[in-house]
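Here is the structure we will look at.
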Amino acid sequence: METRTGANGADHPAPASSEVLIELTRVSKEYRSEAGLVRALRDVSVSIARGEFVAIVGTSGSGKSTMMNILGCLDRPTRGTYSLGGLDVGGRTNDGRAIVRNRLIGFIFQGFNLLSRTTALENVELPLQYRGVPAGERRVRATRALEAVNLAERMYHTPNQLSGGQQQRVAIARALVTDPPLLLADEPTGNLDTRTSYEVLALLQRLNRERGITICLVTHEHDIAACASRVIVVRDGRIESDTRQDEPIDAAAALAQLPPPQEASAGGDRAADSDAAHGHVLRGGPVPRSAGFAMAGGLALGALVGLLYDAVVLGAVGATIPVLLGFVGEAWWGARRGAKVLGHPLAADQRARLALVYTLITTAVIAFLAGWLVFPTLPASSFDAWVAPGRLPWGIALALLLFVLALALLRYLLLTFFGSGFFQRYVAGRPRRASAP
Ligand code: ADP
Ligand code: MG
């Protein structure tokens, strides 16, 4: 059994950086099941230096995933020690391992494991959210990670609007966004066709070369393993061979050699492209929910001021000024909240959606309250007149609809004004925040 880096390739030079990142010493993993004891790993010792690109190969059941789970601090060895970057992680508690995992390791899975109803951007932001990184910085870093995998254009797509290869690239961006020194990938190309597999591999090779990220990749395909700088073959829980490959296949070159893409395999990308061409892409992405709540707060405040004004100054109901103040207040809060969450002012489509949805919700609430509080107090005769046959109040309905649309437009304009550079600079006196590079 090989125990050391390059044991099979003693005549090959050592890797550029010989600083050890991963050190497994006599690691065994046993599972107790009804069928008896399963020895998934037996006395495995291996050390991996920073900057290596290692492929772990083996037949099904040979112990590859068990090894990855231990390397990824998802599981601990039954016996033996595991040290990562000089830290003894094998012996740590669950919480201790979770911290190491969060700081040092990015994961890529066969099934991508993306949240399906969430945009690429939000998926990539997630690990930062777990770390408590503020919203503005989250967005900047997630955008940068998506740029690194050439998916900046698809930021606001959800996984079902992306092809398999694009989804795996989003998953890679998510693994990268915390700048981990180690990437672990368990069969990352298992669900992908040859062309897309090489695309993903070319990306991993570039990250390994340009950023010096250490990569451990599990695969059962020899074409994929040929792209790594070192291949560890696992069999029955033991390391069968450990070989350095001085001239690994360059995945980008292999990709160029392949015949041009077939209609079918490019389908996903094409669908997404035509989506963009037809303008279906939402430019500013989802509206932060808290902007709506901020607007509700503004409206409530405006209503309160209005009631006080009515009671104290006018002594009667029906003042226009406080209502307008309420609108101004809510738009101000909403625009401010949106800019704070996103790190830049709301985009035009976000303002439009916020204004429209918010107006519809407030209208529904007011209509409900009116139906519940006001109508029962009206004399029956006036109600009858409204709904009398042949006298359906289409005119009233149309007027109400126009009124609601005018309200939405007013809110849109106010949101635009409060997010504008003019307002930020000359009224609020704040320099506009730089948007993501
Ligand atoms: P691979 O990923 O190479 O296909 P695994 O590491 O998943 O192999 O599994 C190695 C061996 O350990 C297999 O025999 C498998 O059945 C067994 N095994 C894996 N996980 C468990 C578990 N949680 N409980 C019992 N046996 C397991
Ligand atoms: Mg497996």
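Do you know which residues across the range 341-362 are assigned to a loop (DSSP other than H, G, I, E, B) and either out of contact with any Ser or Thr (no Cβ under 8 Å at 6 or more places or on another chain) or more than 18 Å from SER420 (Cβ to Cβ) (or both)?
LEU346, ALA347, listed by residue number.
Output the residues belonging to the range 222-251 that are of a type outside the set (Asp, Glu), within 16 Å of ligand 1 (Cβ to nearest atom) and either at positive phi or open to solvent by 50 Å² or more (accessible area, probe 1.4 Å) (or both).
Of everything in the range 222-251, those that are of a type outside the set (Asp, Glu), within 16 Å of ligand 1 (Cβ to nearest atom) and either at positive phi or open to solvent by 50 Å² or more (accessible area, probe 1.4 Å) (or both) turn out to be HIS222, ARG235, GLY237, ARG238.
Answer with yes or no whether GLU34 is more than 16 Å from ligand 1 (Cβ to nearest atom), in the same structural domain as ALA175 (by TED's automatic domain parsing) and of a type in the set (Asp, Glu).
No; evaluated as a whole, the condition is false for this residue.
Restricting attention to the range 75-82, does a residue exist that is within 16 Å of ligand 1 (Cβ to nearest atom), of a type in the set (D, E, K, R) and part of a helix (DSSP H, G or I)? Spell out how you get there, then give the answer.
Step one: filter the range 75-82 for residues within 16 Å of ligand 1 (Cβ to nearest atom), giving 75-80, 82.
Still in the list and also of a type in the set (D, E, K, R): 75-76, 79.
Filter once more, so that each one left must be part of a helix (DSSP H, G or I): none.
The answer is no, given that none of the residues of the range 75-82 is within 16 Å of ligand 1 (Cβ to nearest atom), of a type in the set (D, E, K, R) and part of a helix (DSSP H, G or I).
Considering only the range 211-221, how many residues are surrounded by fewer than 18 Cβ atoms within 10 Å (Cβ to Cβ) and within 14 Å of ligand 1 (Cβ to nearest atom)?
The total comes to 2.
PHE109 fails exactly one of the following numbered conditions: (1) open to solvent by 10 Å² or more (accessible area, probe 1.4 Å); (2) at pLDDT 90 or above. What is the number of that condition?
(2)
Among the residues of the range 44-71, which ones are within 15 Å of ligand 1 (Cβ to nearest atom) and over 34 Å from the mean Cα position of the chain (by Cα)?
The answer is VAL44, and nothing else.
Take ALA135 and tell me if it is in contact with a Leu (Cβ under 6 Å, 6 or more places away or on another chain) and either open to solvent by less than 70 Å² (accessible area, probe 1.4 Å) or not assigned by TED's automatic domain parsing to the domain that holds LEU207 (or both). Full working, then the answer.
Values: in contact with a Leu (Cβ under 6 Å, 6 or more places away or on another chain): no; either open to solvent by less than 70 Å² (accessible area, probe 1.4 Å) or not assigned by TED's automatic domain parsing to the domain that holds LEU207 (or both): yes.
Against the criterion (in contact with a Leu (Cβ under 6 Å, 6 or more places away or on another chain) and either open to solvent by less than 70 Å² (accessible area, probe 1.4 Å) or not assigned by TED's automatic domain parsing to the domain that holds LEU207 (or both)), ALA135 does not qualify.
This table checks each residue for (1) within 16 Å of ligand 2 (Cβ to nearest atom); (2) open to solvent by 10 Å² or more (accessible area, probe 1.4 Å); (3) modelled with pLDDT under 95.
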{"residue": "ILE22", "(1), (2), (3)": "no, no, no"}
{"residue": "ARG42", "(1), (2), (3)": "no, yes, no"}
{"residue": "VAL57", "(1), (2), (3)": "yes, no, no"}
{"residue": "CYS73", "(1), (2), (3)": "no, no, yes"}
{"residue": "PRO77", "(1), (2), (3)": "no, yes, yes"}
{"residue": "ASN94", "(1), (2), (3)": "no, yes, yes"}
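Which of the helices (runs of 4 or more DSSP H) found entirely inside the range 111-219 contain at least 3 residues meeting this: without any contact (Cβ under 8 Å) to a residue 24 or more places away in the chain and either away from ligand 2 (no atom under 16 Å from the Cβ) or not acidic (Asp, Glu) (or both)? Let's see the steps before the verdict.
On the way: elements: 120-130, 135-148, 164-176, 194-211.
Qualifying helices (runs of 4 or more DSSP H): 194-211.
Can you tell me how many residues in the range 153-179 are open to solvent by 40 Å² or more (accessible area, probe 1.4 Å) and more than 12 Å from the chain's Cα centre (by Cα)?
Residues that pass the stated criteria total 4.
Of the conditions (1) surrounded by 19 or more Cβ atoms within 10 Å (Cβ to Cβ); (2) over 26 Å from ASN102 (Cβ atoms), LEU182 fails just one. Which one is it?
(2)
Does any residue of the range 151-165 turn out to be on the phi > 0 side of the Ramachandran plot, touching a helix residue (DSSP H, G or I) at 6+ places or on another chain (Cβ under 7 Å) and among the aromatic types (Phe, Trp, Tyr)?
No, that holds for no residue.
Residue by residue through the range 191-242, note down the ones that are within 23 Å of the chain's Cα centre (by Cα), among the hydroxyl-bearing types (Ser, Thr, Tyr) and at pLDDT 95 or above.
Quick first cut of the range 191-242, residues within 23 Å of the chain's Cα centre (by Cα) only: 191-192, 196-197, 199-208, 211, 213-217.
With among the hydroxyl-bearing types (Ser, Thr, Tyr) added as a condition, the list becomes 196-197, 214.
Passing the criteria: only THR214.
Working carefully through the options ARG32, ARG103, find the one that is free of Cβ contacts under 8 Å to residues at least 60 places away in the same chain and either surrounded by fewer than 18 Cβ atoms within 10 Å (Cβ to Cβ) or assigned to a strand (DSSP E or B) (or both).
Just one listed residue meets the conditions, ARG32.
The values are calculated or read from the model by the stated rules, or taken from the named source; none is laboratory data. Here the structure is a predicted model, which is why all the values come from computation and not from measurement. No Cβ is skipped: glycine too gets one built from the backbone with ideal geometry, and neighbour counts run over all protein chains shown. Please note that ligands, DNA and RNA were not included when accessible areas were found on the heavy atoms of the full protein model with its side chains. Shrake-Rupley method; radii C 1.70, N 1.55, O 1.52, S 1.80 Å.
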